[in-house]
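First comes the structure, then the notes that go with it.
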Amino acid sequence: MTTRCEWAAGNDLMVEYHDTEWGVPSHDDGHLFEMLILEGSQAGLSWQTILNKREGYRRAFADFDLATISAYGESDVERLVQDAGIVRHRGKIEATINNAITALAVQAEFGSLDAYLWELAASGPVNNARATTDDIPATTDVSEEMSKALKKRGFRFVGPTTVYAFMQSAGMVNDHLVTCFRYNEV
């Protein structure tokens with residue numbers, strides 16, 4: 001029997017995400033933007049809800065193409081508020097558009113979103129050694145600093161808890177439990 005992080009047990013979609021993606025260092029701008037948006041969209045919801053809507057997000061937000069999203073206007077916001085394939089929260093939808101515009105500015109300045117985000121991650125990837133889920137913090141000093149830097153640039157829905165979840169999903173930190181088969185793989 002395979003031992004994995006307990007949060008992923010019992011649901012095929014969660015197991016697949018855990019086993020193939022969570023904690024794997026990502027350097028792809030599109031994927032990093034997707035994870036930043038999905039983690040921000042999760043605020044107040046379960047990760048299962050977001051994974052269930054992930055394909056809807058990809059469709060609604062042009063596979064997270066920054067140029068396309070940055071051109072969305074009020075009519076797109078109105079359309080997306082009616083889209084049951086995503087979380088229909090006007091603030092989160094508007095934040096996604098805003099964040100695409102901001103990410104394009106970051107790319108222009110730093111060459112890539114990847115370069116900027118990993119610079120903020122300081123010394124990532126950090127290979128933590130968590131024995132239990134209770135050992136995993138909601139925030140860290142690095143996620144708090146990254147959150148401040150992102151907010152200062154104009155990103156929205158990037159509080160320190162959301163940013164730490166993003167860091168986990170993007171592989172900036174390895175928070176697989178030491179008993180999890182993925183711990184040594186990532």
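Overview of values
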quantity: Among residues of region 37-65, those that are free of Cβ contacts under 8 Å to residues at least 24 places away in the same chain and of a type in the set (Ser, Thr, Tyr), counted; calculated: 1
quantity: Checklist (1) under 26 Å from Thr102 (Cβ atoms); (2) surrounded by 13 or more Cβ atoms within 10 Å (Cβ to Cβ) applied to Gly44, failing item; calculated: (2)
quantity: Residues of region 85-105 satisfying the condition of being among the small types (Gly, Ala, Ser), closer than 18 Å to Ser75 by Cβ and surrounded by fewer than 16 Cβ atoms within 10 Å (Cβ to Cβ); calculated: Gly85, Gly91
quantity: Identity of the residue in region 118-130, touching a His at 6+ places or on another chain (Cβ under 9 Å) and not basic (Lys, Arg), that ends up modelled with the lowest pLDDT; calculated: Asn128
quantity: Test: residue in region 54-64 that is assigned to a loop (DSSP other than H, G, I, E, B) and in contact with a Gly (Cβ under 7 Å, 6 or more places away or on another chain); calculated: no
quantity: Residue within region 73-80 that is more than 16 Å from the chain's Cα centre (by Cα), more than 30 Å from Thr179 (Cβ to Cβ), without any contact (Cβ under 8 Å) to a residue 24 or more places away in the chain and assigned to a loop (DSSP other than H, G, I, E, B) present; calculated: yes
quantity: Residue under evaluation Thr133, criteria (1) closer than 20 Å to Thr96 by Cβ; (2) modelled with pLDDT under 95; (3) not charged (D, E, K, R), criterion not met; calculated: (1)
quantity: Matching entry among Gln168, Gln107 (being part of a helix (DSSP H, G or I) and touching a Gly at 6+ places or on another chain (Cβ under 8 Å)); calculated: Gln168
quantity: Residues being of a type in the set (D, E, K, R) and in a loop (DSSP other than H, G, I, E, B) - total across region 1-27; calculated: 2
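The values are calculated or read from the model by the stated rules, or taken from the named source; none is laboratory data. Keep in mind that what you see is a predicted model, and the values were worked out from it rather than measured. For neighbour counting, all protein chains shown are included, and Cβ atoms are generated from backbone atoms with ideal geometry for every residue, glycine included.
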